[in-house]
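Structure first, commentary second.
Please treat every number below as a calculation from the coordinates, not as lab data. As the structure is a computational prediction, the values presented were derived from the model and not from experiment. Don't worry about glycine lacking a Cβ; one is built from the backbone with ideal geometry, like all the others, and counts go over all protein chains shown.
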Amino acid sequence: MAKLTGVKTVDMVNGEITKVEYNGEHYVKVDGPAQVGDIVAIEKPWYDEIYRGDFFSVERVTVRNWGKFVYVDGNANGEQDDVIPFRKYGQKYSNERRPQVGDRVKVVKAYGSQGKYQNGDILTIKWVDQDDDGRFKVEENDRPIRDFEVELIGGKQSAPTSASDNLTDRVASLEQRVDSLEGKSADETITHNGATYTLVDRKAQPGDVVEYETGFITEVTGYDRHGDLLAYNDIGSKTWTVYGYYQPVRVYAPVASLKVGDYAKVVNASDFHFLSDGDVVEILGDSCAPTNHSVKRLSDGKIQRVPKDQLVRATDEEVAQAKAETRKASFKIGDYARVINNVNEHCVGDIVKITSLESTAFDFRVDRIGKDDYGFINADNIEKLSAEQADIAKWAAIGRKPNEYKKGDIVRVTIDGALGSRNMKEDIGEVTDVNSEGNPWVSVKARESSSNGARHHHKSIELITPVEARFDR
């Protein structure tokens with residue numbers, strides 16, 4: 001078709017034509033790409049008899065990996081970037097997206113059919129050539145068909161009513177395609193070319209990996225001036241354009257590599273090591289094997305080498321839970337601890353003794369030293385005391401220095417016949433005398449035969465009841 005005559009400018013914005021009239025119909029400027037039925041203004045001439053500013057009717061559009069083309073004036077074709085498309089106001093176009101395998105289409109403009117199909121035929125797509133000029137094959141015959149010859153049955157119909165409507169239609173089209181995948185679960189993380197990526201809810205950025213509705217996964221390198229993604233194709237070219245009618249349905253962002261000091265979780269554990277799925281570990285590094293990480297398991301501090309592909313970054317919640325479980329496991333019945341947070345009936349500095357490992361609302365049941373009662377507390381509210389610290393704390397709770405015995409204290413003997421004593425282990429007796437010069441010897445009357453008691457060093461006895469707490473006094 002020759003260039004169009006009689007095209008009138010109806011509206012302009014900042015010197016740019018946004019609406020024209022042709023044969024009594026209004027056409028509004030759209031972002032593109034041009035479709036069959038549009039009229040286009042030439043932006044960059046590519047043919048001797050085609051000039052900048054001329055208007056033509058679009059007869060055919062094709063797509064190849066190396067470009068998108070629009071055909072005008074017979075077989076004169078140029079790139080989509082060389083034209084400015086205008087779409088008829090209120091016009092509906094059949095193919096908002098390219099037909100895919102399994103789609104049903106109706107032939108509306110038979111071209112080169114060689115009698116294998118005709119206008120009005122309903123066909124089912126069985127194969128699509130992604131690298132050719134929009135060709136596909138159908139179940140009903142073996143003759144290749146081009147996408148401009150058919151309209152998609154049940155496909156998204158676009159009817160722009162203004163220049164801005166084109167964006168609305170493109171968003172609606174994407175929503176429809178996402179809805180068509182309803183029920184198909186997306187992996188939270190994927191591996192692409194040896195790197196790990198995680199699913200994100202945002203627009204793709206250079207360096208991200210996107211999955212298209214066709215199932216093709218590739219790395220994004222940027223955007224062209226039409227807003228279409230530029231990405232790596234299957235032969236490694238990074239300027240391949242992923243065309244507008246194919247939209248990404250999932251976006252994955254790169255996950256930073258684990259480094260020394262990071263926390264990770266074991267997944268898909270193998271027999272290569274003794275760790276299990278779900279174990280949370282700290283990365284220690286491994287200079288000997290680039291495919292492994294040396295890690296320390298938080299639960300018990302054991303160190304092991306683990307293949308890097310069996311480690312994923314642990315979330316803050318997973319790390320916090322692992323640390324809490326590790327802290328709890330570090331305590332056992334009989335341990336003494338100091339309270340480090342004001343909580344419930346406990347105050348900072350209180351000394352407690354763990355008497356039971358609870359499994360319900362609290363981690364431990366504890367005796368409150370010096371308070372003559374008990375309570376409940378969690379591991380994150382206490383710190384473990386060493387044997388020496390615990391001893392100091394116990395004596396301080398009754399106002400004494402360590403091993404400061406007094407006459408009248410009730411004690412238990414811990415060693416048979418210590419230093420020639422007639423008392424035996426587990427005997428319980430009363431302190432009858434304490435060396436006033438600070439000598440740590442005490443006299444203990446534990447057996448009836450030892451009326452004057454027997455001398456003991458503090459290491460062979462332990463305090464049961466201080467004299468101040470005896471009810472018989």
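List the lysines whose Cα lies under 17 Å from the Cα of residue 401, skipping any in the same chain that are fewer than 8 positions away. Partners found: 459.
For a straight C-alpha distance cut-off of 27 angstrom, the lysines reachable from residue 323 (same-chain residues fewer than eight places away being disregarded) are 259, 265, 296, 302, 308, 332, 353, 384.
If you rank 422, 52 by fewest surrounding Cβ atoms within 10 Å, what's the result? Show your work: numbers first, answer last.
Details: 422 13, 52 10.
Final ranking by Cβ density, sparse to dense: 52, 422.
With a Förster radius of 22 Å applied to the beta-carbon distance between residue 470 and residue 424, the computed FRET efficiency rounds to 0.45.
For a test of the definition: using alpha carbon positions, the gyration tensor, and the 1.5 limit on a/c, classify region 331-416 as rounded, prolate or oblate. Since a/c reaches 1.5 and a/b is larger than b/c, the shape of region 331-416 is classed as prolate.
Could you list 54, 309 in order of exposure, starting from the residue whose Cβ has the fewest other Cβ atoms within 10 Å? Write down the numbers at each step before the final one.
Details: 54 18, 309 14.
In increasing order of surrounding Cβ atoms, one gets 309, 54.
For residue 8, a cut-off of 30 angstrom between C-alpha atoms picks up these lysines, skipping any fewer than 8 places away in its own chain: 19, 29, 44, 68, 88, 92, 109. Backbone amide hydrogens, once placed in the peptide plane, bring residue 18 within less than 5 Å of 11, 12, 13, excluding anything fewer than 5 places away on its chain. Among the GluC sites (Glu not before Pro) within region 335-437, those in coil by DSSP and having at most 11 neighbouring Cβ atoms inside 10 Å are 426, 437.
If you build the Cα gyration tensor of region 283-370 and take the root of 5 times each eigenvalue, what three semi-axes come out, in whole angstrom, biggest first?
Details: eigenvalues 266, 34, 25 Å².
After scaling each eigenvalue by five and taking roots: 36, 13, 11 Å.
Counting every other Cβ atom within 10 Å of each residue's Cβ, 136, 331 order from fewest to most as 331, 136.
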